[in-house]
Amino acid sequence: MRNAFATELVSIASDDERVVLLSGDIGNRLFNDFKLRFSGRFFNCGVAEASMTGIAAGMAMSGIRPITYSITPFVTTRCLEQIRIDICYQNGPVIIVGVGAGLSYAGLGATHQSCEDIAFLRMLPNMTVICPGDPVEVGLALRSAVAHGGPVYIRLGKKGEPIVYSEIPEFRIGKGIVITEGDDVCLLSTGNMLPVAVQSGKGLEAKGLSTSVVSLHTVKPLDEALLADVFQRFRVVATVEEHSVLGGLGSAVAEWMSEQSHIQARLCRIGTDDRFLHEAGGQEHAREHFGLTPDAVATRVLEACS
């Protein structure tokens with residue numbers, strides 16, 4: 001995902017001289033091409049993410065289109081006050097990009113894990129929250145965010161995420177993308193769990209459950225028209241995310257459900273538990289621990305159906 005981001009960033013910056021990149025002292029080699037072509041538009045702000053956020057807010061108020069980039073908890077949690085007051089209160093067109101979200105950096109411990117960031121940022125007025133599902137969606141999300149003209153948080157995985165799409169889909173902020181059509185259950189995936197959701201859908205199909213898989217890449221604003229449709233048509237709707245079950249996509253959908261008068265489907269929220277991970281291990285180990293593998297997701301959905 002981060003390579004797709006870097007590639008698309010160069011393309012966008014070639015067309016729009018207002019675009020600048022502020023880095024929290026990471027990605028120096030990743031952005032070599034950007035630095036070579038736009039040397040005056042790359043700012044290494046060091047491990048001073050709160051200052052970086054304030055600088056970006058000032059740039060935005062001066063007509064520049066800044067993008068801040070760092071490891072997710074450092075570019076979100078560490079500078080939440082600056083995001084709230086400097087960016088969102090002013091409704092400034094700053095794009096915040098968190099790399100290695102969720103459990104991508106599981107091996108580095110709780111300081112580098114981020115299973116609360118969607119919850120933090122979707123609570124802020126004026127903020128748009130986008131969680132691309134694969135490298136193709138990353139490029140589309142970045143281009144849409146630049147055109148959006150307000151505060152946007154883009155939540156990325158790390159590297160090696162598989163491409164889901166065989167052709168470029170239509171991508172619009174606040175509109176989900178149907179990956180596969182089904183009749184019995186629907187998996188609403190956000191972020192880098194999309195490949196897992198696709199594999200889970202295949203497993204459910206093998207067990208006789210016709211399964212629809214949707215990339216709900218925008219957590220705020222939600223695609224309410226899509227939600228109204230799937231909750232009328234399916235027996236079970238499951239949200240799948242590499243984020244806490246508290247405050248993320250599942251919570252956002254549950255909040256939406258609480259205001260609806262006619263809901264047919266049962267909601268099954270699949271994410272990380274409300275606790276820190278104290279075990280050592282990489283992302284796959286962490287996903288197994290929290291039940292975020294394709295088999296584990298399919299099992300949860302089957303239990304919900306019964």
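The values are calculated or read from the model by the stated rules, or taken from the named source; none is laboratory data. Bear in mind that the values here come from a model prediction, so they are computed numbers and not experimental data. Cβ: placed from backbone, ideal geometry, glycine included. Neighbour counts: every protein chain shown. Each accessible area value is taken on the protein alone, full model and side chains, heavy atoms only, with ligands, DNA and RNA left out. Shrake-Rupley method; radii C 1.70, N 1.55, O 1.52, S 1.80 Å.
Looking only at segment 135-161, which residues are in contact with a strand residue (DSSP E or B) (Cβ under 8 Å, 6 or more places away or on another chain) and either open to solvent by 40 Å² or more (accessible area, probe 1.4 Å) or among the small types (Gly, Ala, Ser) (or both)?
Result: ALA141, SER144, ALA145, HIS148, GLY150, GLY157, LYS158.
Go through (1) within 21 Å of GLY282 (Cβ to Cβ); (2) in contact with a helix residue (DSSP H, G or I) (Cβ under 6 Å, 6 or more places away or on another chain); (3) crowded, with 16+ Cβ neighbours inside 10 Å one by one and return the number of the condition THR190 breaks.
Status for THR190: all satisfied but (1).
If I go through segment 248-292 residue by residue, how many of them are over 26 Å from LEU226 (Cβ atoms) and either in contact with a Phe, Trp or Tyr (Cβ under 6 Å, 6 or more places away or on another chain) or not in a helix (DSSP H, G or I) (or both)?
Of the residues in segment 248-292, 10 are over 26 Å from LEU226 (Cβ atoms) and either in contact with a Phe, Trp or Tyr (Cβ under 6 Å, 6 or more places away or on another chain) or not in a helix (DSSP H, G or I) (or both).
Suppose the filter is open to solvent by less than 10 Å² (accessible area, probe 1.4 Å) and modelled with pLDDT of 95 or more; does PHE231 pass it?
Yes: the conditions hold for PHE231.
Which condition number in (1) assigned to a helix (DSSP H, G or I); (2) open to solvent by less than 30 Å² (accessible area, probe 1.4 Å) is the one that VAL97 fails?
(1)
Here's a check for you: in segment 109-149, which residue that is among the small types (Gly, Ala, Ser) and more than 15 Å from the chain's Cα centre (by Cα) is nearest to THR76 (Cα to Cα)?
ALA110
Would you confirm, using the coordinates I've provided, whether ARG84 is under 23 Å from GLY149 (Cα atoms), modelled with pLDDT of 95 or more and surrounded by fewer than 23 Cβ atoms within 10 Å (Cβ to Cβ)?
So ARG84 passes the test.
Assess whether THR180 counts as being under 28 Å from ARG266 (Cβ atoms) and modelled with pLDDT of 95 or more.
Spelling it out, THR180 is indeed under 28 Å from ARG266 (Cβ atoms) and modelled with pLDDT of 95 or more.
Is at least one residue of segment 260-269 of a type in the set (Gly, Ala, Ser) and at pLDDT below 95?
yes
Have a look at TYR69, TYR89 and point out the one that is open to solvent by less than 30 Å² (accessible area, probe 1.4 Å) and of a type outside the set (D, E, K, R).
After applying the criteria, what remains is TYR69.
Being open to solvent by 20 Å² or more (accessible area, probe 1.4 Å), closer than 21 Å to ALA296 by Cα and without any contact (Cβ under 8 Å) to a residue 40 or more places away in the chain narrows it down to one of VAL178, VAL164, VAL198, so name that one.
Going through VAL178, VAL164, VAL198 in turn, just one is open to solvent by 20 Å² or more (accessible area, probe 1.4 Å), closer than 21 Å to ALA296 by Cα and without any contact (Cβ under 8 Å) to a residue 40 or more places away in the chain: VAL198.
Can you tell me how many residues in segment 17-57 are among the charged types (D, E, K, R) and outside any loop (DSSP other than H, G, I, E, B)?
Of the residues in that region, 5 qualify.
Six or more apart or on different chains, Cβ under 9 Å: which pairs go from a residue in segment 42-59 that's among the hydroxyl-bearing types (Ser, Thr, Tyr) and surrounded by fewer than 19 Cβ atoms within 10 Å (Cβ to Cβ) to one that's modelled with pLDDT of 95 or more and not in a strand (DSSP E or B)? Could you list them?
SER51/CYS45; SER51/CYS79; SER51/GLN82
Can you tell me which condition GLU116 does not meet? The list is (1) within 23 Å of ASP273 (Cβ to Cβ); (2) of a type in the set (Asp, Glu); (3) in contact with a helix residue (DSSP H, G or I) (Cβ under 6 Å, 6 or more places away or on another chain), and all the others hold.
Going through (1) within 23 Å of ASP273 (Cβ to Cβ); (2) of a type in the set (Asp, Glu); (3) in contact with a helix residue (DSSP H, G or I) (Cβ under 6 Å, 6 or more places away or on another chain) one by one, GLU116 breaks only (3).
If you take the residues of segment 247-306 that are among the acidic types (Asp, Glu) and closer than 20 Å to LEU103 by Cα, which of them is least open to solvent (accessible area, probe 1.4 Å)?
Filtering segment 247-306 for residues that are among the acidic types (Asp, Glu) and closer than 20 Å to LEU103 by Cα, the one least open to solvent (accessible area, probe 1.4 Å) comes out as ASP273.
Any idea how many residues of segment 234-246 are within 22 Å of PHE120 (Cβ to Cβ) and either among the acidic types (Asp, Glu) or open to solvent by less than 40 Å² (accessible area, probe 1.4 Å) (or both)?
Total meeting the criteria: 7.
Output the residue which, of all residues in segment 100-112 that are open to solvent by 20 Å² or more (accessible area, probe 1.4 Å) and either part of a loop (DSSP other than H, G, I, E, B) or among the small types (Gly, Ala, Ser) (or both), is farthest from VAL245 (Cα to Cα).
Across segment 100-112, the extreme among qualifying residues is GLY107.
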